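Questions regarding the structure given below will be posed in turn.
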Amino acid sequence: MGKKFGKPFGVTKNGEEVRELDLDNGTLAVKLITFGGIIRTLTVPGRDGPVDVVLGYDTLAEYENGEGYFGALIGRYANRIARGRFALDGKEYALAQNDGSNHLHGGNVGYSHRVWTVEEADNAKAVLTLDSPDGEEGYPGRLQVKVTYTLEGNALSIHYEAISDRDTPCNLTNHSYFNLSGQGSGAVLDQELKLYCSSYTPADSTSIPLGTIEPVEGTPMDLRAFTPIGAHIGASFQQLEWGHGYDHNFVVDGQPGVLRPAAAARSRATGVVMEVETDSPGVQFYTANFVEDGRKGKNGAVYGRRHGFCLETQHFPDTPNQPEFPSATLKAGKNYDQTTRFRFSLERNLKIPLDNS
């Protein structure tokens, strides 16, 4: 038996022990669990004291049974693949259709519901690994995954690495729901978001991209200046109507493969500002449109629709079926390497008028 890191957090239905790890560098504090590699808490400095800015649960059973992928690592392929099918190297592959007729977030038992192994951990870093066998959830190739969570000053960095023995689609992300006014504080519609994204990939009524990349300018998808999340969410605009709000992939400006700004968000209530950098091509902005009202959360909190927002840095949805999109095929023996950084600061004087020009 290797060294056990952290403390017990329960046992899965299949009898696997789950551990909880505590990271704390004096500025940020994170609690991770090995089930799904989940970020269970993320506590940052607020104007009036520490603020836990992610939604989550108190118990392992709630994570096993609950919907929404709260805080989880997502794979083998984040987001959707149309009809659960794709072709690669001349062969057709069939995946679970676990989102209507489409495949979502890795299938029936994606990485969000696997128990990860802790390779190393200390106060500022945790290294988690997962061995995904050839054929798991229908995907080709044995994929060996390593995710490193690191606290670096006022930032949480997530570094994703993977290698496969066969060509395979690979698209890893984290599915945290943020509420910068504090988890359990209600809807996020008055929190302000800025996306460093001049275009997005419109989707059909089942959230599968249409295959085009369209400019955001002149539409409610234009979030290039700080805008309250609720400002246009109910607009008479087909994309928002089909998505029941924002649930769209935005194209991050700049060069994929280079760490660059993707998003920023802030709360007047707490003064918390979060900046997101990534080297991924895209970011899925999702406004918790399908979190039902009355869902029990952490520490007595009660969650509901639009009580959080997600910024899932990623390859574009359905890329295996969209040849015009940047490729998400990981070639055999090649290294998958992706980094996303969440940086937190405090804007003490958010009562000043906002510049939304």
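Bear in mind that the values in this text are calculations on the coordinates, not laboratory data. Just so it is clear, the structure is predicted and the values come from calculations on it, not from any experiment. We place every Cβ from the backbone using ideal geometry, glycine too, and count neighbours over all the protein chains shown.
Evaluate the following for Gly153: is it surrounded by fewer than 16 Cβ atoms within 10 Å (Cβ to Cβ) and within 23 Å of Glu92 (Cα to Cα)?
Values: surrounded by fewer than 16 Cβ atoms within 10 Å (Cβ to Cβ): yes; within 23 Å of Glu92 (Cα to Cα): no.
So Gly153 fails the test.
For the structure I just gave you, tell me whether Ile163 is under 20 Å from Val118 (Cβ atoms), in a strand (DSSP E or B), out of contact with any Leu (no Cβ under 8 Å at 6 or more places or on another chain) and of a type in the set (Val, Ile, Thr). Before you say what the answer is, go through the steps one by one.
Values: under 20 Å from Val118 (Cβ atoms): yes; in a strand (DSSP E or B): yes; out of contact with any Leu (no Cβ under 8 Å at 6 or more places or on another chain): no; of a type in the set (Val, Ile, Thr): yes.
So Ile163 does not fit the description; no.
When the residues of the stretch 286-302 are narrowed to those that are on the phi > 0 side of the Ramachandran plot and either touching a strand residue (DSSP E or B) at 6+ places or on another chain (Cβ under 9 Å) or assigned to a strand (DSSP E or B) (or both), which ends up surrounded by the most Cβ atoms within 10 Å (Cβ to Cβ)? Talk me through it step by step, then tell me what you get.
Filtering the stretch 286-302 for residues on the phi > 0 side of the Ramachandran plot gives 288, 294, 299-300.
Now restrict to residues that are either touching a strand residue (DSSP E or B) at 6+ places or on another chain (Cβ under 9 Å) or assigned to a strand (DSSP E or B) (or both): 288, 294, 299.
Details: Ala288: 24, Gly294: 8, Asn299: 10.
It comes out as Ala288.
When only residues in the stretch 65-86 that are aliphatic (A, V, I, L, M) and touching a Phe, Trp or Tyr at 6+ places or on another chain (Cβ under 7 Å) count, which is surrounded by the fewest Cβ atoms within 10 Å (Cβ to Cβ)? Please lay out each step first, then the result.
Residues of the stretch 65-86 aliphatic (A, V, I, L, M): 72-74, 78, 81-82.
After this cut, where a residue has to be touching a Phe, Trp or Tyr at 6+ places or on another chain (Cβ under 7 Å) as well, the list is 73-74.
On the way: Leu73: 28, Ile74: 23.
Among those that are aliphatic (A, V, I, L, M) and touching a Phe, Trp or Tyr at 6+ places or on another chain (Cβ under 7 Å), it is Ile74.
Among Asp22, Asp58, Asp89, which is the only one that is farther than 27 Å from Ser280 by Cα, out of contact with any strand residue (DSSP E or B) (no Cβ under 8 Å at 6 or more places or on another chain) and either surrounded by 15 or more Cβ atoms within 10 Å (Cβ to Cβ) or touching a residue at least 12 places away in the same chain (Cβ under 8 Å) (or both)? Talk me through it step by step, then tell me what you get.
Working: Asp22 fails: out of contact with any strand residue (DSSP E or B) (no Cβ under 8 Å at 6 or more places or on another chain); Asp89 fails: farther than 27 Å from Ser280 by Cα.
Selected residue: Asp58, the only one of Asp22, Asp58, Asp89 that is farther than 27 Å from Ser280 by Cα, out of contact with any strand residue (DSSP E or B) (no Cβ under 8 Å at 6 or more places or on another chain) and either surrounded by 15 or more Cβ atoms within 10 Å (Cβ to Cβ) or touching a residue at least 12 places away in the same chain (Cβ under 8 Å) (or both).
For the stretch 244-283, give me the residue count where each residue is out of contact with any Pro (no Cβ under 6 Å at 6 or more places or on another chain) and farther than 30 Å from Arg47 by Cβ.
Initially, the stretch 244-283 is screened for residues out of contact with any Pro (no Cβ under 6 Å at 6 or more places or on another chain), giving 244-248, 250-255, 257-276, 278-280, 282-283.
After this cut, where a residue has to be farther than 30 Å from Arg47 by Cβ as well, the list is 244, 247-248, 251, 253-255, 257-258, 279-280, 282.
Qualifying residue count, the stretch 244-283: 12.
State whether the residues of the stretch 196-205 include one that is closer than 15 Å to Ala263 by Cβ, among the aromatic types (Phe, Trp, Tyr) and surrounded by 20 or more Cβ atoms within 10 Å (Cβ to Cβ).
Our first condition is that a residue be closer than 15 Å to Ala263 by Cβ; within the stretch 196-205, this holds for 196-200.
Of the ones still in play, those that are also among the aromatic types (Phe, Trp, Tyr) are 196, 200.
Now restrict to residues that are surrounded by 20 or more Cβ atoms within 10 Å (Cβ to Cβ): 196, 200.
Yes, that holds for at least one residue.
Yes or no, residue by residue, for (1) under 26 Å from Val54 (Cα atoms); (2) free of Cβ contacts under 8 Å to residues at least 40 places away in the same chain:
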{"site": "Ser157", "(1), (2)": "yes, no"}
{"site": "Asp165", "(1), (2)": "no, no"}
{"site": "Pro169", "(1), (2)": "no, no"}
{"site": "Phe226", "(1), (2)": "yes, no"}
{"site": "Gln238", "(1), (2)": "no, yes"}
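Here is a further query. From (1) crowded, with 16+ Cβ neighbours inside 10 Å; (2) out of contact with any Leu (no Cβ under 9 Å at 6 or more places or on another chain), pick out the condition that doesn't hold for Glu214.
(1)
Rundown of residues vs (1) touching a residue at least 24 places away in the same chain (Cβ under 8 Å); (2) of a type in the set (D, E, K, R); (3) over 28 Å from Gln338 (Cα atoms); (4) touching a Lys or Arg at 6+ places or on another chain (Cβ under 7 Å), yes/no style:
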{"residue": "Thr206", "(1), (2), (3), (4)": "yes, no, no, no"}
{"residue": "Pro209", "(1), (2), (3), (4)": "yes, no, no, no"}
{"residue": "Glu217", "(1), (2), (3), (4)": "no, yes, yes, no"}
{"residue": "Pro220", "(1), (2), (3), (4)": "no, no, yes, no"}
{"residue": "Gly234", "(1), (2), (3), (4)": "no, no, yes, no"}
{"residue": "Gln255", "(1), (2), (3), (4)": "no, no, no, no"}
{"residue": "Gly271", "(1), (2), (3), (4)": "yes, no, yes, yes"}
{"residue": "Gly300", "(1), (2), (3), (4)": "yes, no, yes, no"}
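Yes or no, residue by residue, for (1) hydrophobic (A, V, I, L, M, F, W, C); (2) within 26 Å of Met274 (Cα to Cα); (3) outside any strand (DSSP E or B):
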| position | (1), (2), (3) |
| --- | --- |
| Leu189 | yes, yes, yes |
| Leu193 | yes, yes, no |
| Ser207 | no, no, yes |
| Thr212 | no, no, yes |
| Arg224 | no, yes, yes |
| Leu240 | yes, yes, yes |
| Phe250 | yes, yes, no |
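Tell me, please, whether a residue that is of a type in the set (D, E, K, R), under 16 Å from Leu180 (Cα atoms) and surrounded by 17 or more Cβ atoms within 10 Å (Cβ to Cβ) can be found in the stretch 313-329. It would help to see each step written out before you state the result.
First pass over the stretch 313-329, keeping only residues of a type in the set (D, E, K, R): 318, 324.
Within this subset, residues satisfying the condition of being under 16 Å from Leu180 (Cα atoms) are none.
Scanning the stretch 313-329 turns up no residue that is of a type in the set (D, E, K, R), under 16 Å from Leu180 (Cα atoms) and surrounded by 17 or more Cβ atoms within 10 Å (Cβ to Cβ).
Can you pull out every residue in the stretch 100-117 that is free of Cβ contacts under 8 Å to residues at least 60 places away in the same chain and in a strand (DSSP E or B)? Talk me through it step by step, then tell me what you get.
Within the stretch 100-117, the first condition is being free of Cβ contacts under 8 Å to residues at least 60 places away in the same chain, and the residues that meet it are 103-104, 106-110.
Across the stretch 100-117, the qualifying residues are His103, Leu104.
Here's another thing I want to ask about it. Just need a number here: residues in the stretch 46-92 that are within 27 Å of Gly243 (Cβ to Cβ) and either among the acidic types (Asp, Glu) or part of a loop (DSSP other than H, G, I, E, B) (or both).
Residues meeting the conditions: 16.
Suppose the filter is β-branched (Val, Ile, Thr) and crowded, with 19+ Cβ neighbours inside 10 Å; does Val109 pass it? Write out each step before concluding.
Working: β-branched (Val, Ile, Thr): yes; crowded, with 19+ Cβ neighbours inside 10 Å: no.
For Val109, the condition - β-branched (Val, Ile, Thr) and crowded, with 19+ Cβ neighbours inside 10 Å - is not met.
Among residues belonging to the stretch 252-280 that are acidic (Asp, Glu) and not in a loop (DSSP other than H, G, I, E, B), point out the one that is surrounded by the most Cβ atoms within 10 Å (Cβ to Cβ).
Glu277
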